[in-house]
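Structure first, then comments.
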Amino acid sequence: MSSNFHHPNLPFTSQIFPPSCPHLADFRSRNGSKSFRLLQDCLRVKPPGGRAAIRRDPNEVPRCSSCGDSARPRLYACVTCAAVSCHAPPSHSHAAAHAESMPTGHEIAVDVDRAELFCCACRDQVYDRDFDAAVVLAQTTASTLGGNAVSSSGVSPSQPSLPPENLRKRRRVDYQPWMPDLRERVLVGANSSPLDCVNSNLGSESELPWGLRGLNNLGNTCFMNSVLQALLHTPPLRNFFLSDRHNRYFCQRNVNGSNVSSNVNDGNGSKNSRICLACDLDAMFSAVFSGDRTPYSPAKFLFSWWQHAANLASYEQQDAHEFFISILEGIHEKVDKDRRKPYSQGNGDCCIAHRVFSGILRSDVMCMACGFTSTTYDPCVDISLDLEPNLGGSAKMAAARSNLPCNGEADCMNSSQNQRLSSLVGCLDQFTRPEKLGSDQKFFCQQCQVRQESLKQMSIRKLPLVSCFHIKRFEHSSVRKMSRKVDRYLQFPFSLDMAPYLSSSILRSRFGNRIFPFDGDELDGCNEMSSEFELFAVITHKGKLDAGHYVTYLRLSNQWYKCDDAWITQVNENIVRAAQGYMMFYVQKMLYYKASEKQSAS
């Protein structure tokens, strides 16, 4: 992938390399790859996934050859003669003294505890691409296969390596809350009016939060109601439609020209009328936030969705996750047809659906023979997670760990799911953990020019405004010709930090303090948006695969509410924690507005 990023103070070039060390270049020209090959055989990774070190023997305790001390801040082994010397600036440096007392060629050493190259003459760390590739391969192999990893077949400096596309320092953008200036306050005051019913609702403890309204079941449509409740209270989506950013009347007028009869008012379902799910969502937002508390019937939206997804048009129970994806695709396809030009959902600027839910996943496939890595990027609107393997544990253990009572609605943790316990954080760890691909999935290495065994690791390159996590609870086996539901309890946090799963964090943990290659337009998820998320909606599924019921739990005004079709009830957060989560919706913490919370009397 290419990037148009260009710093004004840097010359225009497709590659930016760190300054090279003349002593390292001289060492490479004199010794070639022989010394580095010996170092690769001494690479050790202590715990799986830990820091790499240089040891001839795993139990060896390195000591400075000059003072005999093993507790100095840094111990360096000369790459030429293997003499170990300490470096403790500003007091003294036996490593520099060793390089000065020896003939030319003893300037390059390696940190025995960090496996990082060091120039004793420059008294600074130096970077060698081939040596670092061997270290990274040893660390990744150890974290995947376990045990101490020895990179005996690491990257040889004689092998050609592809240069990085770009190296640049990441920028940090601090979030600052928006405050209206004088001109904006005048505009807001002149073009808005207060809603009296909002204030009356907030004044009574028995009243539900503004916009919380039940949805009638139109015949096995609990899957639709559960997803719609989550979408209606997704903060960025709610703010978009309530600020009239998509006006259904203007939208249909633009589509049909001067013809006033449009899909908004026309319910005959004629094929000439253009279906716009965003227009139907706009009408639903208007109805739900009108102040009317009677249950709303989303019949118009259901009819439009049937026209969009004709293969799912029936009164049979459907999958809530499939319905969620279908809605986003319908809004996206409408935008593509109107603009007559395809827009990539990964950019996040094509339509409101992808501006809110779209993120980018990064997939790295590393050759286990030479360390060459192939990277691909895929847009996504949700992340489907496998439950962790059988970890053991009962319902009482799960309740004890979560401080939950094993009664009431928490009985969803009994029966078949009493034997297993998983967590959303554990599922994310499993999703981003390096995985060794099988022998039948050998990867064609561009550097080796043959198919090799490989490691695959997923990470999140770009975070969406709202992260939707789908738990794979429905399993289908083509061998056994049967399907079943996994009724395993899943712990999920109310606050979630996604920083450990970002591509920047994964690469940083993989390469340590080393300079590593990445695409020029690589985005650090912590730069432009927050990595901290707050849970605001949970869709649960009760029952069996062919006979179940969907329910949504919403977090509004710092309280939890159960949306069971037309019935809305306030529940305790322990009930939510004990629910069998199927889809979880997290919004960025900076966008989790609490303006509707009841203010304490001053």
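The values are calculated or read from the model by the stated rules, or taken from the named source; none is laboratory data. In this text the structure is predicted, and so the values were computed from the model without any measurement. All Cβ positions, even for glycine, are placed from backbone atoms using ideal geometry, and neighbour counts span all protein chains on display. Surface areas here come from the heavy atoms of the whole protein model, side chains and all, with no ligands, DNA or RNA. Shrake-Rupley method; radii C 1.70, N 1.55, O 1.52, S 1.80 Å.
Length available on full extension from S509 to N254: 0.36 nm per residue minus the Cα-Cα distance, which gives 86.7 nm. In the assembled protein chains, V79 presents an accessible area of approximately 20 Å² (probe radius 1.4 Å). In this structure, K542 and S243 have a Cβ-Cβ separation that, at R0 = 41 Å, corresponds to a calculated FRET efficiency of about 0.70. Summarising the label geometry, the points placed 7 Å from Cα in the beta-carbon direction at R433 and S192 lie 4.8 nm from one another. Multiplying the residue separation of D124 and S286 by 0.36 nm and removing their Cα-Cα distance gives an extension gain of 51.9 nm. For the pair E453 and F474, a Förster radius of 35 Å applied to the C-beta separation gives a FRET efficiency near 0.65, rounded to the nearest 0.05.
For W210, the solvent-accessible surface computed with a 1.4 Å probe is close to 60 Å², ligands and nucleic acids excluded. Under 5 Å between amide hydrogens, built in the peptide plane, is the criterion, and for A83 it picks out C78 among residues at least 5 positions away or on other chains. Taking 7 Å steps out from each Cα toward its Cβ at D69 and N31 produces label points 2.5 nm apart.
Checking the cross-link pairs K436/K462; K436/K542; K472/K589; K462/K562; K442/K472 against a 29 Å limit on the alpha carbon distance flags K436/K542; K462/K562 as lying beyond it. Backbone geometry of the range 320-330 corresponds, through the Karplus equation with coefficients 6.51, -1.76 and 1.60 at θ = phi - 60°, to 3J(HN,Hα) couplings of 5, 5, 5, 5, 4, 5, 5, 5, 5, 5, x Hz, x marking Gly and Pro. Multiplying the residue separation of S374 and D497 by 0.36 nm and removing their Cα-Cα distance gives an extension gain of 41.5 nm. With r as the distance between the Cβ atoms of S363 and E333 and R0 = 35 Å, compute the FRET efficiency 1/(1 + (r/R0)^6) and round to 0.05. It comes to 0.85. Across the range 454-469, coupling constants 3J(HN,Hα) worked out from phi with the 6.51/-1.76/1.60 Karplus curve, θ = phi - 60°, read 9, 10, 10, 9, 9, 8, 9, 7, 9, 7, x, 5, 10, 9, 10, 10 Hz, and Gly and Pro carry x. Each of S384 and E184 was given a label point 7 Å from its Cα along the Cα-to-Cβ line. The distance between the two points is 4.1 nm.
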